[in-house]
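Visitor: Have a look at this one.
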Amino acid sequence: MEIKSLHKVIPGQRLKVAAYARISSDKDVAESSLNEQIDFYTRLIVQNIDWDFAGIYFDDGVSGTTISKRKGFSKMVSDAKSGLIDIILVKSVSRFARNLIDLLEVVKDFRKQGIEIYFEQQHVSSLDVKCDQMITLYAQFAEEEAISVSQNQKWRLDVDRKNGKYYIPVNRMLGYRYDENGNV
């Protein structure tokens, strides 16, 4: 993979590069597991002679719709603002954030400090102001997809309730289990 970083390179100075990985559900695990993302970016960073490995930050099983619940993301942002990271590599805009406002605020704050986010799937650098519209569109798509998935799940639960099926977390209740017909 070729990264076309727009980060200002100073001769003799190595860039501090980190990566962010996230999966939010079992569906995502099937597509590309968290371990695969971590391994891929670790190798990519370590093998580049112009980069210093600044870490891999990740959130496992956490939605990208809010920053507050994403401990790995929050730590990464804090470390970047403290000067520990120059470039953050991420698989896609939707892996980074599924909330348009949050994403744009982080991009804006990082740009002020010269911190680059490189979105691999889209081949887009956050330092390229010409790409702001593209980042915004991808972020909007990601947010709308998250809303759609949530609405579909709520609809499915409503239909199940109307049909007399209820979800009860029996795996957390001593002495209760589901039988082969789905009955408690």
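The values are calculated or read from the model by the stated rules, or taken from the named source; none is laboratory data. From a predicted model like this one, the values you see are computed outputs, not experimental measurements. Here the Cβ is made from the backbone with ideal geometry for all residues, glycine too, and neighbour counts use every protein chain on show. These area figures cover heavy atoms from the full protein model, side chains too; ligands, DNA and RNA do not enter into them. Shrake-Rupley method; radii C 1.70, N 1.55, O 1.52, S 1.80 Å.
Visitor: Given labels modelled 7 Å from the Cα in the Cβ direction, how far is it in nm from Arg177 to Ser74?
Guide: The modelled label-to-label distance comes out at 3.8 nm.
Visitor: Strictly over 23 Å apart at the Cα level, which of Lys69/Lys162; Lys69/Lys108; Lys16/Lys69 would you flag in this model?
Guide: Lys69/Lys162; Lys16/Lys69
Visitor: Next question. Could you sort 78-91, 103-116, 39-52 so that the peptide with the highest average Cβ count within 10 Å comes first and the rest follow in order? The partial results should precede the final answer.
Guide: Numbers: 78-91: 19.0, 103-116: 16.9, 39-52: 14.7.
Descending mean neighbour count gives 78-91, 103-116, 39-52.
Visitor: Still on this structure: For region 81-122, with all protein chains present and a 1.4 Å probe, just round the carbon and sulfur fraction of the accessible area to a whole percent.
Guide: Of the solvent-accessible surface of region 81-122, carbon and sulfur hold 47 percent.
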